[in-house]
Amino acid sequence: MKAKENPFKPTAGGEPPLLIGRGKVIRDFEKGLDNGVGAPGRIMLVTGARGTGKTVMLTVFGDRAKARRWDVIEETASAGLCERLVDALRTGRGALDHLTIRPSLTFAGAGIGLGEAELSPKRMPETLRSAIAGRLDALEKRHAGLLITIDETQAAERSDMIAIATAIQHQIRERRNIAIVFAGLPQMISDLFNDEVITFLRRAKTNILTDIPLDEVRDAFATTFRASGMSITDAQLSTAANVTAGYPYMIQLVGYHIWDAADMRDSDTIIDADVTAGIEEARIDLDNAVCIPELQGLSKNDREYLEAMAASDGPSPTVNVAQRMGKTPNYAATYRKRLLDAFVIRETERGEVDFAVPFLREYLRRNQ
Ligand SMILES: Nc1ncnc2c1ncn2[C@@H]1O[C@H](COP(=O)(O)OP(=O)(O)OP(=O)(O)O)[C@@H](O)[C@H]1O
Ligand SMILES: [Mg+2]
């Protein structure tokens, strides 16, 4: 068999060859662009656990906006976010056609430099607002809009969020052609919503990236394997799809390693041993990339709490966890709070606790 490229992409932010189960989210976003200023999808929050495909979603949104000849500025939240945004807005970064953009002020490189004062937290809302307005003026001449995407929003500094929210709110009020998407871990929602200063973002359209239905996973596996010249049986497809539990990162890992196992035998027919070996490899990678790092920052007692939770197949009432630990509810409540704050566990609608990290329950059961 000739060397072929593995069609699966188990890398962070790696755009999968086949994007599964996100049709509705993408449609919501596109409707926002196409329905004009004031459409709900123009301010969007995308949340989900690690590895559910938030970064991939932002990339797809960027592609859809570019296809409409919009400019796209992609940033990741960390210290200096607003300064980087101002820089990108003024230097024309993210422009489809650099020749059509005339930055109102060349910021880096030209020796003009912004004054310290202009970039101070106090002045930042105004600085950002005028930078956005400048860019929108240039874009308006070709009837195009501006998309800003912010990844890892849960790590954003509050002052940066205030500056961004203020600036965007102003542009929306002025009916300018702008859209913004914030992606991040689910705690970003409670952080944002509890903050009085950022109330404006409460009106944003929220999309939670959840598990992908298994039949869609199976169909996507079938298409991807077969399109790459590998034959695979329906039973093998079902086995592979079921172990992913619909978790996007695991979908890529399982696909990748099964494909690789057959490739190593120089064969284009998947055999059952490839499926078994591939699933095993995928679990090892998932443990190393997700479960082990999550547990690393936790204390022995935190872990005991999690192990007590892992005894049940689904959410556990807090009192049961304490009982299983042989501790008082008060004692258990301390660890419950720590783990909620670390976003390793979450509270369900019924006030029970469940794992917030995919596959952590299974990892703990295997490694007790
Ligand atoms: N809809 C999808 N269908 C198939 N695979 C997907 C899908 N979305 C994401 N993936 C795959 O899942 C993996 C994780 O995606 P991504 O890095 O976008 O997740 P994330 O939510 O940004 O994770 P993190 O919180 O760690 O940043 C990648 O390998 C990607 O190719
Ligand atoms: Mg990401």
Restricting to the range 316-351, what's the tally of residues that are within 27 Å of Ala289 (Cα to Cα) and surrounded by fewer than 18 Cβ atoms within 10 Å (Cβ to Cβ)? 9
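Among Ala261, Ala273, which is free of Cβ contacts under 8 Å to residues at least 40 places away in the same chain, under 26 Å from Ala12 (Cβ atoms), in a helix (DSSP H, G or I) and more than 20 Å from the chain's Cα centre (by Cα)? Walk me through how you get there before you give the answer.
Details: Ala273 fails: under 26 Å from Ala12 (Cβ atoms).
Exactly one of Ala261, Ala273 is free of Cβ contacts under 8 Å to residues at least 40 places away in the same chain, under 26 Å from Ala12 (Cβ atoms), in a helix (DSSP H, G or I) and more than 20 Å from the chain's Cα centre (by Cα), namely Ala261.
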Read through the list (1) farther than 22 Å from Arg361 by Cβ; (2) under 23 Å from the mean Cα position of the chain (by Cα); (3) crowded, with 20+ Cβ neighbours inside 10 Å, then give the number of the only condition that Glu216 fails. (3)
I want to confirm something. Restricting to the range 26-67 and keeping residues that are away from ligand 1 (no atom under 16 Å from the Cβ) and β-branched (Val, Ile, Thr), which single residue is modelled with the lowest pLDDT? Val37
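Which one of Thr52, Thr11, Thr59 is outside any loop (DSSP other than H, G, I, E, B) and either within 13 Å of ligand 2 (Cβ to nearest atom) or buried (at least 17 other Cβ atoms within 10 Å of the Cβ) (or both)? Quick ask: steps written out before the conclusion?
On the way: Thr52 fails: outside any loop (DSSP other than H, G, I, E, B); Thr11 fails: outside any loop (DSSP other than H, G, I, E, B).
Only one candidate passes the filter, namely Thr59.
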I'd like the full set of residues that are small (Gly, Ala, Ser) and at pLDDT 90 or above, limited to the range 173-197. Ala179, Ala183, Gly184
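Among Pro40, Pro17, Pro10, which is the only one that is touching a Lys or Arg at 6+ places or on another chain (Cβ under 8 Å) and not assigned by TED's automatic domain parsing to the domain that holds Arg203?
Pro17
Counting only residues that are assigned to a loop (DSSP other than H, G, I, E, B) and β-branched (Val, Ile, Thr), which one in the range 198-220 is farthest from Gly246 (Cα to Cα)?
Among those that are assigned to a loop (DSSP other than H, G, I, E, B) and β-branched (Val, Ile, Thr), it is Thr210.
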May I ask you to list pairs of residues, at least six apart or on different chains, whose Cβ atoms are under 9 Å apart, with the first in the range 53-75 being over 24 Å from Ile251 (Cα atoms) and the second being within 14 Å of ligand 1 (Cβ to nearest atom) and of a type in the set (D, E, K, R)? Val72/Asp63; Glu74/Asp151; Glu75/Asp151
For the range 238-249, pairs from a residue that is assigned to a helix (DSSP H, G or I) to a residue that is at pLDDT 95 or above and among the acidic types (Asp, Glu), with Cβ under 8 Å and 6 or more apart or across chains, are Ala241/Asp215
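For residues that are crowded, with 20+ Cβ neighbours inside 10 Å and within 30 Å of Arg142 (Cα to Cα), scanning just the range 172-211, find the one that is farthest from ligand 2 (Cβ to nearest atom).
Just the residues of the range 172-211 that are crowded, with 20+ Cβ neighbours inside 10 Å, to begin with: 178-184, 188-189, 192, 201, 204, 207, 209.
From the residues that got through so far, the ones that are within 30 Å of Arg142 (Cα to Cα) too are 178-183, 201, 204.
Numbers: Ile178: 23, Ala179: 19, Ile180: 17, Val181: 13, Phe182: 12, Ala183: 7, Leu201: 20, Ala204: 19 Å.
Top of the filtered list is Ile178.
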In the set Gly145, Gly134, which member is in contact with a Pro (Cβ under 8 Å, 6 or more places away or on another chain) and at pLDDT 90 or above? Gly134
Show the residue pairs that are 6+ apart or on different chains and have beta-carbon atoms under 9 Å apart, the first residue being within the range 171-200 and under 16 Å from Leu33 (Cα atoms), the second being acidic (Asp, Glu) and within 16 Å of ligand 2 (Cβ to nearest atom). Phe182/Asp151
Long-range neighbours under 9 Å by Cβ, at least six apart or interchain, first residue of a type in the set (Ser, Thr, Tyr) within the range 201-227, second away from ligand 1 (no atom under 12 Å from the Cβ): Thr206/Met44; Thr206/Leu45; Thr206/Ile189; Thr224/Met230; Thr224/Trp259
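The values are calculated or read from the model by the stated rules, or taken from the named source; none is laboratory data. Computed from a prediction, not measured in an experiment: that's the story for all the values here. Cβ coordinates were reconstructed from backbone atoms using ideal geometry, including for glycine residues, and neighbour counts include every protein chain displayed.
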